[in-house]
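Only one structure is covered here, and it is reproduced in the block below.
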Amino acid sequence: MSRIVSFRRMEDGTREDYLLLGERLLESLRKLDHSLYGYPVTRLQHSLQTATRAAREGADEEMVVAALLHDVGDELAPYNHSEMAAAILRPYVRPEVAWIVEHHGLFQNYYYVHHLGGDRYARDRLRAHPWYEACVHFCAAWDQCSFDPDYPHERLEYFEPLVRRIFARAPHDPRYQTPAG
């Protein structure tokens, strides 16, 4: 697959041209292999650990890809990276997955924000939401524990086919949208 689109006007684009979104996301992940200052792992290693934990637990492909991409916006938008990652995923995954990614930052606060004077229980305002427990699990079992330099995680190449499959879908397919109302 070409790394440069074939068109000069979007109306002339091909399916292959528009499949480059998955490739751009993978490239964005590769660039994270040098960052996460002060942590024992890079952002890429954290993402790979999170996705590996999800996959090993038997999560479906959408959730594994979400675990891989959940922090993709952290360098550009550290205070609302969850919303940024969810916006990237939302057209391609079911609403539950997008909701979990969108709210994981708030739920992750439980583990550290009290050390900085914040309210670790702020997530509890969403306790009645049907996906609350799934987001608690995402953070507890996969995200917050994925800063371990000794954890044997899968390489990015392992996840590439999943990313390509998810982002090869028609965006905004009604199966992946929140019902109106």
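The values are calculated or read from the model by the stated rules, or taken from the named source; none is laboratory data. Quick caveat: nothing in here was measured; it's all calculated off a predicted structure. Here the Cβ positions follow ideal geometry from the backbone for every residue, glycine too, while neighbour counts run over all protein chains shown. The area values use the complete protein model at the heavy-atom level, side chains included, leaving out ligands, DNA and RNA. Shrake-Rupley method; radii C 1.70, N 1.55, O 1.52, S 1.80 Å.
Some notes on this structure:
- The label-point distance for Glu23 and Tyr111, in a model that sets each label 7 Å from Cα toward Cβ, rounds to 3.4 nm.
- Largest to smallest accessible area among His34, His46 [probe 1.4 Å]: His34, His46
- Candidates per trypsin sites (Lys or Arg not before Pro) in segment 22-76, loop by DSSP, up to 15 other Cβ within 10 Å: none
- For peptides 87-93, 63-69, 97-103, 124-130, sequence by mean Cβ density within 10 Å, most packed first: 63-69, 97-103, 87-93, 124-130
- Accessible-area value, Trp131, 1.4 Å probe, nucleic acids and ligands omitted, Å²: 70
- In this rough spin-label picture, where each label sits 7 Å from Cα along the Cβ direction, the Asp148-Glu11 distance is 5.5 nm.
- Measuring with a 1.4 angstrom probe and ignoring ligands and nucleic acids, Leu76 comes out at about 150 Å² accessible.
- Tensor-based shape of segment 22-68 (alpha-carbon gyration tensor, a/c under 1.5 rounded, otherwise prolate or oblate): oblate
- Additional length obtainable on full extension of the chain from Ala140 to Leu126, 0.36 nm per residue less Cα span: 3.4 nm
- At a probe radius of 1.4 angstrom, the accessible area of segment 1-65 per residue rounds to 61 square angstrom.
- Surface composition of segment 67-146: carbon plus sulfur atoms hold 55% of the accessible area, using a 1.4 angstrom probe and ignoring ligands, DNA and RNA.
- Segment 98-128 and segment 134-149: distance between their alpha carbon centers, rounded to Å: 13
- One chain, two ends: Glu75 and Tyr37. Fully extended at 0.36 nm per residue, the span grows by 12.6 nm beyond their Cα-Cα distance.
- Mean residue ellipticity, 222 nm, helices only, the chain: the sum of -39500 (n - 2.57) across DSSP H runs of n ≥ 4, divided by residue count and rounded to 500, is -13000 deg cm²/dmol.
- Ser28 accessible area, 1.4 Å probe, all protein chains in place, Å² to nearest 10: 50
- Tensor-based shape of segment 45-173 (alpha-carbon gyration tensor, a/c under 1.5 rounded, otherwise prolate or oblate): oblate
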